1. Quickly run through segment 140-159 and pick out the residues that are closer than 26 Å to residue 51 by Cα and buried (at least 24 other Cβ atoms within 10 Å of the Cβ).
2. How about segment 164-175: which of its residues are buried (at least 22 other Cβ atoms within 10 Å of the Cβ) and touching a Phe, Trp or Tyr at 6+ places or on another chain (Cβ under 8 Å)?
3. Filter segment 221-241 down to residues that are closer than 15 Å to residue 287 by Cα and assigned to a helix (DSSP H, G or I), then give me how many there are.
4. Looking at residue 368, is it within 16 Å of the ligand (Cβ to nearest atom) and either over 18 Å from residue 263 (Cα atoms) or not hydroxyl-bearing (Ser, Thr, Tyr) (or both)?
5. Could you run through segment 172-191 and say how many residues are in contact with a helix residue (DSSP H, G or I) (Cβ under 6 Å, 6 or more places away or on another chain) and part of a loop (DSSP other than H, G, I, E, B)?
6. Examine segment 87-105 for a residue that is within 15 Å of the ligand (Cβ to nearest atom), without any contact (Cβ under 8 Å) to a residue 60 or more places away in the chain and within 18 Å of the chain's Cα centre (by Cα), and state whether such a residue exists.
7. Check off (1) within 6 Å of the ligand (Cβ to nearest atom); (2) farther than 21 Å from residue 34 by Cβ; (3) not aromatic (Phe, Trp, Tyr) for residue 79 and give me the number that stays unchecked.
8. Exactly one condition in (1) within 16 Å of the ligand (Cβ to nearest atom); (2) surrounded by 19 or more Cβ atoms within 10 Å (Cβ to Cβ) is false for residue 116; which is it?
Amino acid sequence: MSAADVVARLQQTLPGRVDVSVAAREAARADASGHAASAPPLCVVEARSVADVQQVLRIASATGTPVVTRGAGTGLAGGANAGGGEIALSVRHMDRVLEVRPDDLIAVVEPGIVNADLDAHLAPYGLWWAPDPASRAISTVGGNIATGAGGLLCAKYGVVRDAVLGVDAVLADGTLLHLGHRTVKGVTGYDLTSLLIGSEGTLGVIVGATLKLRRRVPGEVSTIAAVFADVRTAAAASAAVTAAGVQPAIMELMDAASLAAVHDLLELAPPPAGAAQLTIQTDGPAAAAEAAEVAQILAAHGGEVEVTTDAARGEELLRIRRSMHPAMARLGTTLIEDVSVPRSQLAAMFDEIAAVEARYGLRIPAVAHAGDGNLHPNFIFDGPEVPPAVWEAADALFQAALRLGGTLTGEHGVGVLKRRWLRDELGDAQWQLQQRVRQAFDPAGILNPGKVFEPAPEIRVSAGVVIDEHGRAVVVRKAGAVVFQQPGGKPEAGEDATTALVREIAEEIGVHVDPAQVEPLGVFRDLAANEPGHTVVADAFRVRVRHADVARGGEIEELRWLTAADAASTPLANLSRNHLLRLAWE
Ligand SMILES: Cc1cc2nc3c(=O)[nH]c(=O)nc-3n(C[C@H](O)[C@H](O)[C@H](O)COP(=O)(O)OP(=O)(O)OC[C@H]3O[C@@H](n4cnc5c(N)ncnc54)[C@H](O)[C@@H]3O)c2cc1C
């Protein structure tokens, strides 16, 4: 089915929901990471209901069209970027609060509600949902869940994973699942809710969530700001606060470069050269006592400390931290990174950042959620594309974080920007297991392909065996195929390498090869049959194809010539394995 047919089918099924305008498609190419897909998607579908999402996925499944789910597009890993041949599925307008239960401390919401709008909705009940990414005024709860977002309050109040009891998700084939529970406890079966959290649109589309709420914290907040001679001392002081057992709500660290850039942006007096700053808030009934203890620890580490309970002054101090993004934007193009290390290793990680800066001659201003060991080094460069040297430096930084017992991403996710390092952290066995998990949810690989996991290397298939419409085994091969790289294929007398491989395949699967039946084979890519995570498409290759019958339900199996137009839309998983017996590739 051609791309135009896919769009026409969507328009027919979801009238008024399918935006094919250049503006909408261009907007869906990019998120806030600064990275964009190389081409715009086919269209943007604005879902308004669970049923809309199911329809989109049924059509996508039937036609083998990839779907990229999108909340507000504020992601920093390229996860929501929809590219050529893909459907961008926006759930931004599914934004209702369906239920608030103060007695059970839960709320049931649709995914498109903006985090801050939810907060405003919950305030009259004296409740709040704790996850507070700095983007809370612009990002959606569904996006927060799909990325496993964090924020400033995580060390004390947890990340998204700690604040979600259940999700409703639509699978690639349109099946609606209700995962999780509404109870405080609940351990029935595997914890698939947790699996969906941070899955970045690759396992299912989150269409609803049951959120775990807290009562708003009563009492006065204390804010503490402390300036240190250098970032290492500031990091050591924050580690000392943690080690002392005090639990601030917020503990943010800014290094010298970021502090100076923000002071410049806000037209404040420049900070002392090399100075770094910790901004800390304590809350709850013990706020004042904790603030006093924190201040003492910071002073003992050489900090110049200010403590205030004045809300306006507290906000002024926090504003310095909150102005980091615009301050960086003035310095040049920014690659915002996101590594996490054990809190005791924070100072060591700042040393690593300094070493990488020196080795690669780059500027990397960094801030950290010091309470939880999550750092955001900002690589500054000129021009729209990340230069190779910056990626090399980022690589060095990621390896350093891993060496220190940390992780590649604390809260932003893998998306496209970190996928090449995924295997480094997970290791081979877990990386493969995770791919198999993904396949179990989405066998055809249509949900956000190329995100989190690198796309499989392109493999051109040069020979294969199919059963034709008369039930005969037909060996096919690409006309003029070159030498096979596949082990085996040892030519016997009179054979070329191609023929030898075709014969070997046929022998292996126990079919008789009639050379007269060898037909030209088109171009395949992404071999998948026995290779988890791969897909294959074919050009003029006769196969039996299984696909969902959207109109009547169930599945249809038919024999088709796959053409070049199908190439982008027919995943191998849709080809009947009984008939597509084995493929060989070069
Ligand atoms: C100024 C600024 C500050 C930020 N601060 C923070 C911060 O403090 N902490 C933090 O964690 N992040 C932060 N971010 C990053 C970003 O806001 C978060 O990752 C946020 O959770 C993304 O939400 P979104 O609605 O914009 O999702 P999108 O960007 O639209 O999507 C993000 C990913 O989730 C998937 N997705 C979205 N909705 C769904 C759904 N309903 N079902 C399935 N998959 C879905 C997408 O496919 C994509 O892979 C910041 C970004 C900016 C621009």
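1. Initial filter on segment 140-159 (closer than 26 Å to residue 51 by Cα): 140-148.
Scanning segment 140-159 gives 140, 141, 142, 143, 144, 145, 146, 147.
2. 172
3. 1
4. Working: within 16 Å of the ligand (Cβ to nearest atom): yes; either over 18 Å from residue 263 (Cα atoms) or not hydroxyl-bearing (Ser, Thr, Tyr) (or both): yes.
For residue 368, the condition - within 16 Å of the ligand (Cβ to nearest atom) and either over 18 Å from residue 263 (Cα atoms) or not hydroxyl-bearing (Ser, Thr, Tyr) (or both) - is met.
5. Residues in segment 172-191 being in contact with a helix residue (DSSP H, G or I) (Cβ under 6 Å, 6 or more places away or on another chain) and part of a loop (DSSP other than H, G, I, E, B): 3 in total.
6. Yes.
7. Going through (1) within 6 Å of the ligand (Cβ to nearest atom); (2) farther than 21 Å from residue 34 by Cβ; (3) not aromatic (Phe, Trp, Tyr) one by one, residue 79 breaks only (2).
8. Among (1) within 16 Å of the ligand (Cβ to nearest atom); (2) surrounded by 19 or more Cβ atoms within 10 Å (Cβ to Cβ), residue 116 violates only (2).
The values are calculated or read from the model by the stated rules, or taken from the named source; none is laboratory data. In this text the structure is predicted, and so the values were computed from the model without any measurement. All Cβ positions, glycine included, derive from the backbone under ideal geometry; neighbour counts span all protein chains shown.
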